[in-house]
Amino acid sequence: MAEETKNPGRDIPIGLIGSMVMITVIYCMMAVTLCLMQKYSEVDENAAFSVAFEAAGMGWGKYIVAVGAIKGMISVLLVGAVGQARYLTHIARTHLLPSWLARVNPRTGTPINATCIMLLATAIITFFTSLEVLANLLSVSTLFLFSLVAIALLVRRYFAEGVTTNSNVAKFCFCISLIVGSSVASAIYWTRTEGWIGYAVTVPLWFVGTVGIWIFLPIAKKPKVWGVPLVPFLPSASVGINIFLLGSLDLDSFKRFGFWTAILIVYYLLVGLHASYDLAKLRDNNNNNKNKKENQLNLDEENVQNDVSALTQTSENE
């Protein structure tokens, strides 16, 4: 959505943080309201507010809740389609997918082709797949992606080619290994036992890795407009929390995620990698040709100026 905002460096952080704060406050208010309407142990997991209104003697309220739930689900689906279509557009611009998906409608200024394809694919998959399978698969992919984004943020902030020394690279890899390894160990320990002794080992290891990045590694790149605060603690906490939540999902979801990931990797190695490389090579050739033309034009202008100067001097001598 950055291309559709006037000032992305300012507007996107305000939109993200503002929306998260508003959603958190609204959810907390709804939870408090629900507990005031009904005892927490009697809350229905499948239809909490509908049952609560019924128990409070306001049966008409469940119809309002149903309408609001339908509207909320439609809004979430539309927002998801908008975001996924933009991802698809950017991927198509690198020729990892057909460039037809990267076309932007001149009248609406939106990627209609990518939006239609994404909606069609989503509808087909949803029609033939159970909700539980889709929800778990979406959870695995989302948590895994968020973990990668957090690690990528650390890499971008603390690594720069030609600036970061080999020793700092080794320190960074070691600290990242501690953060990821301790997070994975915490998730596995949580699924295997209800004790707490294991956390006395994994949490300090995570803390050592995070503090190690903070103390021993200099920042290689600073954000120009807006940057994530509390680095490396905030992205490191994101890695730990996301990986820990991955431990709550079933094994079948990981198998499905691994299957689709393997298909995408094969596609990237056999098709996408070559297409994106050819595009980059074509752009380099175009830039080189453009530079050659500019140099030739500059040379021609210098020759014309020299000829004019020579003619002027000849006329003055005569």
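The values are calculated or read from the model by the stated rules, or taken from the named source; none is laboratory data. None of the values given here were measured: they were computed from a predicted structure. Cβ atoms come from the backbone with ideal geometry, glycine included; neighbour counts cover every protein chain shown.
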- Would you mind listing the helices (runs of 4 or more DSSP H) fully within region 1-99 where at least 1 residues are in contact with a Pro (Cβ under 8 Å, 6 or more places away or on another chain) and under 26 Å from LEU119 (Cα atoms)? 61-93
- Item | Every residue from region 239-256 that is in a helix (DSSP H, G or I) and either modelled with pLDDT of 95 or more or over 14 Å from LEU137 (Cβ atoms) (or both) | VAL239, GLY240, ILE241, ASN242, ILE243, PHE244, LEU245
- Item | Residue identified as assigned to a helix (DSSP H, G or I), more than 19 Å from the chain's Cα centre (by Cα), buried (at least 16 other Cβ atoms within 10 Å of the Cβ) and of a type outside the set (D, E, K, R) among SER147, SER177, SER183, SER167 | SER183
- Task: Could you please let me know if VAL82 is among the hydrophobic types (A, V, I, L, M, F, W, C), out of contact with any helix residue (DSSP H, G or I) (no Cβ under 6 Å at 6 or more places or on another chain) and modelled with pLDDT of 85 or more?
- Result: no
- Message: Report every pair of residues separated by at least 6 positions or lying on different chains whose Cβ atoms are under 7 Å apart, first residue within region 250-274 and of a type in the set (Lys, Arg), second at pLDDT below 90.
- Response: ARG256/LEU137
- Among (1) part of a helix (DSSP H, G or I); (2) in contact with a Gly (Cβ under 8 Å, 6 or more places away or on another chain), which single condition is LEU134 missing? (2)
- Could you list, in sequence order, all residues of region 203-229 that are over 28 Å from LEU138 (Cα atoms) and of a type in the set (A, V, I, L, M)? LEU205, VAL208, VAL211, ILE213, ILE215, LEU217, ILE219, ALA220, VAL225
- Message: Considering only residues that are farther than 23 Å from THR122 by Cβ and exposed (fewer than 11 other Cβ atoms within 10 Å of the Cβ), which ones fall in region 58-81?
- Response: TRP60, VAL67
